[in-house]
Amino acid sequence: MILVTGGAGFIGANFVLDWVASTDEPVVNLDALTYAGNLESLTSLQGNPRHVFVKGDITDRALLDRLLAEHRPRAIVHFAAESHVDRSIHGPGDFIRTNVNGTFTLLEAARAHWLSLDADAKAAFRFHHVSTDEVYGSLSPTAPAFTETHPYEPNSPYSASKAASDHLVRAWFHTYGMPVVTTNCSNNYGPYHFPEKLIPLMIVNALAGKPLPVYGDGQQVRDWLYVKDHCSAIREVLARGTPGETYNVGGWNEKPNLEIVHTVCALLDELKPDPAGSYKRLITFVTDRPGHDRRYAIDARKLERELGWKPAETFETGIRKTVQWYLENAAWVANVQSGSYRDWVSKQYGA
Ligand code: NAD
Ligand code: DAU
């Protein structure tokens, strides 16, 4: 079996759902259920003996030791993190605790487990660290996309904490020989995305007739990847990636934020027209994010060359599926918009 951390979050839940659907292997899912963790994303797995959910924290070494001794996983796929850049600006402490100390604790527990395995199981074991393109910093408009050898230049507390975790994972390979792989992925979008991030926030705000807050001039560029393509890349790297290597994952879909917001509005105009006119009327330019990275772009050729992975979705197909999913899952959205969600919205966007 495999152990997944953070499997009740956006990408982790998509990964667990895809894993159970596409393999016969059980998965133990360890998640602290922070504001970002949501068991409702996993309701289709209720009663499924191949999914074991454990509520717990990756900084809890005793719990990790117990879980690893009980389940003896052949691999750990590590998603658990604080993931929102704006929250890291308001409160960096949780990001250091989970992303740095939590990854360290998990690595140490994994190392003890790995050392207890017999020679064959030891060689086959994998610690898969799920990371981000944000560790590479910001690109000028014409600079080539990030390759795996691009220097680390993290600019936010979030990206600095993820960079620190990447370095720890690298060191556990070089110093202890533990078989690790790391993937650095671009911006994901798709089902079960918490509506504090750009795309789901724009969809739920538009449907509620609320302003669509665009930071600064809206010309910051991100590369967008449909979440299920990220999950397939992780499965590929877990199965056939070389220990000690890192792989960039991206969608070849570089787009400025304002274009993303226009696309979401146009799809909503088509699928759920608003009698008051186009949703574009709600676009509102607001104060920019401090230290806002201008451009990210991913060169994912290594993953294609070495493991044959390519995204299945274009941005056009993926964003249509995403908007449709939010229209069909109003109850999921309503349930995540709890008191703590409303507190965050008023802290970040004011009145
Ligand atoms: P998310 O915020 O939606 O989910 C994070 C999950 O981790 C939640 O379920 C939360 O409860 C859990 N968690 C947080 N702290 C924990 C702790 N101390 N112990 C156990 N569980 C804890 O995040 P996401 O967007 O799904 O991202 C998952 C991973 O992928 C992160 O490591 C992130 O850095 C990385 N990543 C995200 C993106 C993206 O676009 N969202 C892109 C590249 C990489
Ligand atoms: O690049 C990968 C990263 O993508 C992941 O590592 C992070 O976990 C994930 O949150 C995401 O980070 P971003 O900061 O790029 O995502 P976010 O959705 O917060 O913002 C996307 C862009 O949209 C960014 O340039 C900021 C802008 N934005 C965001 C929000 C929430 C707005 O203009 N308005 C908003 O209200």
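The values are calculated or read from the model by the stated rules, or taken from the named source; none is laboratory data. The structure displayed is predicted, hence computed values, not measured ones. Counting neighbours? That spans all protein chains shown, and the Cβs are built from the backbone with ideal geometry, glycine included. All accessible areas refer to the heavy atoms of the entire protein, side chains included, with ligands and DNA or RNA removed. Shrake-Rupley method; radii C 1.70, N 1.55, O 1.52, S 1.80 Å.
Descriptive notes on the structure:
- Solvent-accessible area, 1.4 Å probe, carbon plus sulfur percent, for segment 218-351: 50
- On Cα atoms only, tilt of 257-271 relative to the major axis of the chain in degrees: 70
- Cut-off 16 Å (backbone N to label point 7 Å along Cα→Cβ of residue 341), residues of segment 178-200: 190-200
- Size of charge dipole - the chain - debye, nearest 20, with Cβ of Lys, Arg +1 and Asp, Glu -1, no other charges: 160
- Here the contact order of segment 48-121, divided by its residue count and restricted to Cα pairs under 8 Å and six or more residues apart, works out to 45 percent.
- Sequence-distant lysines (8 or more away, or on other chains) whose Cα lies within less than 25 Å of residue 280: 197, 210, 255, 272, 321, 347
- FRET efficiency estimate (nearest 0.05) - Cβ-Cβ, residue 171 to residue 70, R0 25 angstrom: 0.35
- Rg to Rh quotient for the chain, alpha carbon positions, Kirkwood Rh: 0.95
- Both the radius of gyration and Dmax for segment 212-351 are 17.9, 55 Å, in that order, over alpha-carbon atoms.
- Sulfur and carbon atoms: percent of accessible area, segment 3-142 [1.4 Å]: 54
- Using a Förster distance of 35 Å, the FRET efficiency for residue 22-residue 208 (Cβ separation, nearest 0.05): 0.50
- Label point of residue 143 set 7 angstrom out along Cα-Cβ; within segment 174-189, amide nitrogens under 20 Å from it belong to 184-188.
- A crude spin-label estimate for the pair residue 108 and residue 289, with each label 7 Å from Cα along the Cβ direction, gives 3.2 nm.
- Surface accessible to a 1.4 Å probe, residue 231 within the full protein complex, Å²: 0
- Within straight-line cross-link reach of residue 310, aspartates and glutamates at Cα separation under 15 Å, skipping those fewer than 8 residues along the same chain: 223, 229, 236, 299
- Between residue 239 and residue 124, full extension at 0.36 nm per residue minus the direct alpha carbon distance yields a gain of 40.4 nm.
- Summing charges over all other residues whose Cβ lies under 9 Å from the Cβ of residue 137, with Lys and Arg as +1 and Asp and Glu as -1, gives -3.
- Accessible surface calculations at 1.4 Å, restricted to protein heavy atoms, place the chain at 41 Å² per residue.
- Centre separation in Å (Cα based) which lies between segment 253-277 and segment 24-44: 31
- Note on residue 316: accessible area approximately 110 square angstrom, rounded to 10, probe 1.4 Å, nucleic acids and ligands left out.
- Potential lengthening of the chain between residue 270 and residue 215 amounts to 17.3 nm, from the contour at 0.36 nm per residue minus the alpha-carbon distance.
- Segment 215-351, relative contact order in percent, only Cα pairs under 8 angstrom and at least six apart counted: 36
- For the pair residue 349 and residue 306, a Förster radius of 56 Å applied to the C-beta separation gives a FRET efficiency near 0.85, rounded to the nearest 0.05.
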